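Novice: This is the structure, below, for whatever I ask next.
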Amino acid sequence: MAARSVCRAGSAAGRALLWGPRPSAALLNLTRKRGAASYAQTLQNIPETQVTTLENGLRVASEESSQPTCTVSLTIEAGSRYEDAKTNGAGFFMEHMAFKGTKKRPGSAFEKEVESLGAHLNGYTSREQTAFYIKAFSKDMPKVVELLSDLVQNCALEDSQIEKERGIILQELKEMDSNLTDVTFDYLHATAYQGTALAHTVEGTTENIKRLTRADLASYVDTHFKAPRMVLAAAGGISHRELVDAAKQHFTGAPFAYKGDSVPALPRCRFTGSEIRARDDALPLAHIALAVEGPGWADPDNVVLNVANAIIGRYDRTFGGGKNQSSRLAALAVEHNLCHSFEPFNTSYSDTGLFGFHFVSDPLSIDDMMFCAQGEWMRLCTSATESEVTRAKNYLRNAMVAQLDGTTRVCENIGSHLLHYGRRIPLEEWDARISTAWSPGGCPADTDVTVRISGLDAVYPVSL
């Protein structure tokens, strides 16, 4: 007993030494005010985005900071939406080939040079953009710019490497087929935008990957990798003037002119209310996605719909909290065992989008989960509470500030913003949009958000 008393006393003394005396209520209030001020100061003290356009149309943008590292990216207005049925998959194939050597650095020499800098090289392709980026020490920024210029202007496209990557991509396609969430969203695009370019998958079909030739890939590069369609962005411990000088040195030769009327235009993609059901009784769970047409990138309704999604929340059986979660739909899912997981989404493109809901459930629970989800959407139109709206807005603000964590996310946002909006939208402006996006009691009456959400009551589902 005495030993236990000594241990308790020792523990209390240890806590006192580590934490010190408990702060007073006045001190706690001061700390809270200081925290609120810090958030406002954070928004105001974000480095200015500097943008310079070179003579050939290449946009060079940067945000300078005192970090010892930097990320430099090249974002290109190219993706599966610019492909047709025969060339679908060319952009994804080209992304693979970009890392497999250039005319100046054949074979693995390119990747070895990146590794010699202690840098990290990566890239991605989506439906409307392709990006390559390198994260390195700030002092190596000029070298990184030279590497990126070599990557997009002098890709070797060696026949042996093409055949090697063809096999790798075919294997990736097989693995993607086992990811039922990705398959469901591909089905959703295929039915929502049937007969249009947005119905294509980013990766392309197996038949196309087997058929694409070196000439197809070279034509894709010649058509889309033009200076006016590119944004060279950098974030971290760099100088904008040095970045512009490096861009002038290495990207001046980037092509910018088109032959005749070969300028790639963004094809209009109409939304079609429809459904796809891919039934496989051997699968233990059902993957369901339902959506209505959402707004494009620049539509102000985007912020409102993101607030709506934050109110709905997301859920997975691995989450703690049970029926005590802040999301009403999550509490219902737990109480009635409606699903294994759910998550709302708001996917935007240049002139359209998909706003909806994805969930995974037992086959016999689909109707109940659909009923509860659609009921939650209807509730958002008329009776969202003040506390729900406040919580949702704070969630979005937290996600917004989290984008400042590291140079890579900042750099990626700079490139995407310049392509989608024509400018870098500062976080202070995003914060103002969030603040005015929603009034408690329902969706704003002066937008078509209520119409979009109400449309989910009669939506056509995609199921697997």
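The values are calculated or read from the model by the stated rules, or taken from the named source; none is laboratory data. Quick caveat, the model's predicted, so the values are computed rather than measured. Virtual Cβ from ideal backbone geometry, glycine too; neighbours counted across all protein chains shown. Heavy atoms of the whole protein, side chains included, go into the accessibility calculation; ligands, DNA and RNA do not. Shrake-Rupley method; radii C 1.70, N 1.55, O 1.52, S 1.80 Å.
Novice: What is the spin-label model distance, in nm, from Asn122 to Asp351 if the labels are put 7 Å beyond Cα along the C-beta direction?
Specialist: Placing both labels 7 Å beyond Cα along the Cβ direction yields 3.3 nm.
Novice: Something else: For the chain, what does the relative contact order come out to in percent, with C-alpha contacts under 8 Å and a separation of six or more?
Specialist: 19
Novice: Which value, in Å² and to the nearest 10, is the accessible area of Tyr82 when all protein chains are kept and the probe is 1.4 Å?
Specialist: Its accessible surface works out to 40 Å², give or take rounding.
Novice: Using only protein heavy atoms and a 1.4 Å probe, report how much of Tyr133 is accessible, in Å² to the nearest 10.
Specialist: Counting only protein heavy atoms, the figure is 40 Å².
Novice: What does the charge count near Lys100 come to, summing +1 for each Lys or Arg and -1 for each Asp or Glu among other residues with Cβ under 14 Å from its Cβ?
Specialist: -1
Novice: Hey, if we sort Trp430, Trp438 by accessible area with the 1.4 Å probe, largest down, what's the order?
Specialist: Largest accessible area first, the list is Trp430, Trp438.
Novice: Ordering His420, His224 by how much accessible area each has at a 1.4 Å probe, largest first, what is the list?
Specialist: Result of the area sort, largest leading: His420, His224.
Novice: Once the Cβ-Cβ distance between Glu163 and Ser38 is put in as r, and R0 is 41 Å, what FRET efficiency do you end up with, to the nearest 0.05?
Specialist: 0.15
Novice: Now for a separate question. So how much accessible area does Glu412 have, in Å² to the nearest 10, using a 1.4 Å probe?
Specialist: Looks like 80 Å² after rounding.
Novice: Eigenvalues of the Cα gyration tensor times 5, then square-rooted: what semi-axes does that give for segment 313-389, in whole angstrom, largest first?
Specialist: Semi-axes, largest first: 21, 17, 13 Å.
Novice: Next question, about the same structure. With r defined as the distance between the Cβ atoms of Glu275 and Asn154 and R0 fixed at 41 Å, what FRET efficiency is calculated, to the nearest 0.05?
Specialist: 0.30
Novice: Scaled to the compact-protein estimate 2.2 N^0.38 Å, what is the alpha-carbon radius of gyration of the chain, rounded to two decimal places?
Specialist: 1.12
Novice: With a 1.4 Å probe and all protein chains kept in place, how do Lys393, Lys210 rank by accessible area, largest first?
Specialist: Lys210, Lys393
Novice: On average, how much accessible surface per residue is there in segment 197-349, in Å², for a 1.4 Å probe, leaving out ligands, DNA and RNA?
Specialist: I get 48 Å² per residue for this part.
Novice: Accessible area per residue for segment 45-145 in Å², computed with a 1.4 Å probe and the full protein assembly in place, what is it?
Specialist: Result: 40 Å² per residue.
Novice: Once neighbouring chains are kept in place and the probe is 1.4 Å, which whole percent of the accessible area of the chain is contributed by carbon and sulfur?
Specialist: Answer for the chain is 53 percent, counting heavy atoms of protein chains only.
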